[in-house]
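In what follows, a structure is listed as structure tokens, so that the remarks can point back to it.
What follows draws every value from the coordinates through simple rules; no lab data is involved. Just so it is clear, the structure is predicted and the values come from calculations on it, not from any experiment. As a convention, Cβ positions derive from the backbone with ideal geometry for all residues, glycine included, and neighbour counts pool all protein chains shown.
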Amino acid sequence: MAAKAATDDKEAKPLRHGYTTGSCATATTKAALIALITQEPQREATIRLPIGETVTFQMESCEFTEAMATASTIKDGGDDPDATHGALIISTVEWLDEPGIILDGGVGVGRVTKPGLPVPIGGAAINPVPRKMIREAAQEVLDQFEIDRGIKIVISVPAGEEIAKKTLNGRLGILGGISILGTRGIVVPFSTSAYKASVAQAVNVAKEAGCEHIVLSTGGKTESYGIEMYPELSEEAFVEMGDFVGFSLQQCKRKKMKKVTLVGMMGKFSKVAQGVMMVHSKSAPIDFGHLAQMAEQAGASEELLVQIREANTAAQVGDLMADTPAFFEIMCEKCCRAALKEVGGGIEVETVIITMKGSLLGKVTIDDTDHESDRDRG
């Protein structure tokens, strides 16, 4: 694929971005349609991305008959490869008797089964921006060759069903494969926009499913703990927020959730307790001085405070304070108050901190729905 940067010195050079499944599907559609019209194989296709950038994609294959053509490319995720990095994206284009453009998903592209997504129930999980990109690219080719015939476009991802197991699609009600995504056309390293989009969609699906209480977790282990805590909640109520604590809380407030439970471990939640709402390890270091202040407030000895200030990890601090429940209550309460500040109050927030082995360290709830605080220690 075009526009690959040299990566000999990753420290000195910016991370190389990749391209979305939507961009790949657009490029393969253009190549297949041109091959169908010209009856000549296309080795590449150049498209314009939503951000205005023009990119040339190399085709892995291009086959055609007089009635149908197929082209494929391999998705490049850049220097932050996601689950779809390396996937083969295929577009098949065939002539129709009636004018117009029909777009659908084939093997490995999921089907929407729940409300709350930007695609109607029963539709192929091809999001609005990629749909627009694919349709516009196809129409441009038809106009270029002055053709009035209709076409049907089918996007397929042979490994899509297997890849989808590594994504949130099942929880969102997208079954049978992956989604064709992308709002900008490129994949930014760390997949920030893609992850935020998945969180926003998950919260919206939960809202449409009737959820009023959402459990936000930082990862798989913390989510599993949340599911054990609240077995009565539907699966839509559990959302992996990753490092995006503030963004996820804002989505819950925007959708008028009554209660949010935050489930995490010492490292990330020691940052939340300080008011840090983006808890990626590269975004904010752990402040051992702040941990020592909370330990002092919980009655830790001077000797213990020295050990905390000199600790290497937040988990180590958790071990040092294992016999002092007040320390974890203080941290949980600080997390709750930071969360309420982030969203401007008016919601019930619960913070649950667990160990890496899945044991409870602390739990505090503050109900700010009527601006009265209620602490539930456990």
* Structure fact -> Taking trypsin sites (Lys or Arg not before Pro) as exposed when in a DSSP loop with at most 16 other Cβ atoms inside 10 Å, the chain has its longest clean stretch at 44-148
* Tilt of helix 192-208 relative to the longest C-alpha principal axis of the chain, in degrees (0 to 90, nearest 10)? -> 80 degrees
* Asked: Can you give the three extents of the C-alpha atoms in the chain along their principal axes, from longest to shortest, in whole Å?
  -> 81, 49, 31
* Structure fact -> What the Cα atoms of the stretch 185-274 span along the principal axes, largest first and in whole Å, is 38, 31, 22
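Quick one: in the stretch 210-367, what % of C-alpha pairs are over 26 Å apart? Kindly include the intermediate steps, with their values, before the conclusion.
Details: 2670 of 12403 pairs.
In whole percent, the long-distance tail amounts to 22.
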* Asked: Hey, if you put +1 on the Cβ of every Lys and Arg and -1 on every Asp and Glu Cβ in the stretch 210-367, which of Ala326, Leu304, Ile214 ends up farthest toward the positive end of that dipole?
  -> Ile214
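Compute the relative contact order of the chain as a whole-number percentage, counting only Cα pairs closer than 8 Å that sit 6 or more residues apart in sequence. If you can, show how the numbers build up before the last one.
Working: 816 pairs, mean separation 47.4, N = 378.
The normalised contact order for the chain reaches 13 percent.
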* Structure fact -> Within the set Ile180, Ile330, Ile126, GNM on the chain using Cα springs under 10 Å gives the largest fluctuation to Ile330
* In what sequence do Leu305, Leu36 fall when counting other Cβ within 10 Å, fewest first? -> Leu305, Leu36
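Average projected area of the Cα convex hull of the stretch 18-190, in nm²? Kindly include the intermediate steps, with their values, before the conclusion.
Working: hull surface 37.3 nm².
Over all viewing directions, the stretch 18-190 projects a mean Cα-hull area of 9.3 nm².
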* To do: Would you list which lysines come within 24 Å of Lys363, measuring only between C-alpha atoms, while excluding same-chain residues fewer than 8 positions from it?
  => Lys221, Lys253, Lys256, Lys258, Lys259, Lys268, Lys271, Lys334, Lys341
* **Exposure proxy order (Cβ contacts within 10 Å, fewest to most) of Cys336, Cys62, Cys24** => Cys62, Cys336, Cys24
* Asked: For the Cα atoms of the chain, what angle does the longest principal axis make with the long axis of helix 245-254, in degrees from 0 to 90, nearest 10?
  -> 80 degrees
* **On Cα atoms only, tilt of 220-229 relative to the major axis of the chain in degrees** => 60 degrees
* To do: Give me the distance in nm between label points sitting 7 Å out from Cα along the Cα-to-Cβ direction at Glu44 and Lys196, one decimal.
  => 3.3 nm
* To do: Before anything else, pin down the relative contact order of the stretch 210-367: Cα pairs under 8 Å, at least 6 apart, normalised by residue count, whole percent.
  => 25 percent
